[in-house]
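The values are calculated or read from the model by the stated rules, or taken from the named source; none is laboratory data. Please read these numbers as outputs of a predicted model, since none were measured by experiment. Positions of Cβ are backbone-derived with ideal geometry, glycine not excepted, and every protein chain shown enters the neighbour counts.
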Amino acid sequence: MSDNLHAKGKNLRRFLAAGLLLLLTTAVAALPTGPRQIAQFERETLRCAREVFKQPGQYVGNEYVVELNNQPIRETIIRRAKISFAGIRQADLEKFKNGDFDFAGLQNATNIEVAAFIEAAAVNELVRREISRISAKRRIFADVAIEFAAGQVRVTGKIDMKKVPGNPLSFLPQEMSPFDVTLSVRTEGGQIMLDIIAGQMNSQPFTPELNRVFLDWLNPLWDFAALPYQAALDQLHITPSGVEFSGRLFW
């Protein structure tokens, strides 16, 4: 879905805790969710949390709550979000506000809940930015654009099929191929999965074999059950205007 939505890992980058960036871009590799992806998830969560704690917040009962409105987190404009941290004592709050904590320190929160909406334009900008950060020799996608609809996304661009695992023709010289694919995103247990609704490459419809190659390569997009702590995506709504989602960590 983007070079950071599947160039060599898995990243729609999730904005799941403390602003976990995206679920439409923490994919830097089409690989199972393993130690490398988990470490990346933790780094991004920590970076997002540090930026979130710089924003004004307040205690509501025993939760510390930060609300975002058109503010950037990790360079991405968050149209709106509510991030709630339970279990953070007032005495420790100053340390969090100063960024004086690591991922283990963040786990002292007994529950982190995130509900957010990111507009389509911000997601596209995030995808373009992540693609540009990948070295040319590892870059699978180019000129990617995402168009949102109800419950699905249409992704267009170019793909280097030589770099796609499982491609039976990867040994042949190939140019970057233009593609146009419509996808739906669903959750299955603790996994995030992609389904191909329709697709074409080089102006030809996807064959069943190519369909299988892509789905085997991309799925599961992310596996929360592989994390060594509790994490979940509770809701994901794709609309023409963008992506709305909610999730939890450490409950």
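Some values worked out for this structure:
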item	result
In region 195-230, residue surrounded by the fewest Cβ atoms within 10 Å (Cβ to Cβ) [restricted to those that are of a type in the set (Asp, Glu) and under 21 Å from ARG36 (Cα atoms)]	ASP216
Count of region 52-77 residues which are assigned to a helix (DSSP H, G or I) and surrounded by fewer than 20 Cβ atoms within 10 Å (Cβ to Cβ)	0
Test: LEU233 is under 15 Å from VAL114 (Cβ atoms), touching a helix residue (DSSP H, G or I) at 6+ places or on another chain (Cβ under 9 Å), buried (at least 20 other Cβ atoms within 10 Å of the Cβ) and at pLDDT 90 or above	no
Filtered residues of region 153-187 (kept if of a type in the set (D, E, K, R) and at pLDDT 85 or above)	ARG154, LYS158, ASP160, ASP180, ARG186
Neighbours by Cβ (under 9 Å, 6+ apart or cross-chain): first from region 92-105, without any contact (Cβ under 8 Å) to a residue 60 or more places away in the chain and assigned to a helix (DSSP H, G or I); second exposed (fewer than 15 other Cβ atoms within 10 Å of the Cβ) and among the acidic types (Asp, Glu)	GLU94/ASP100
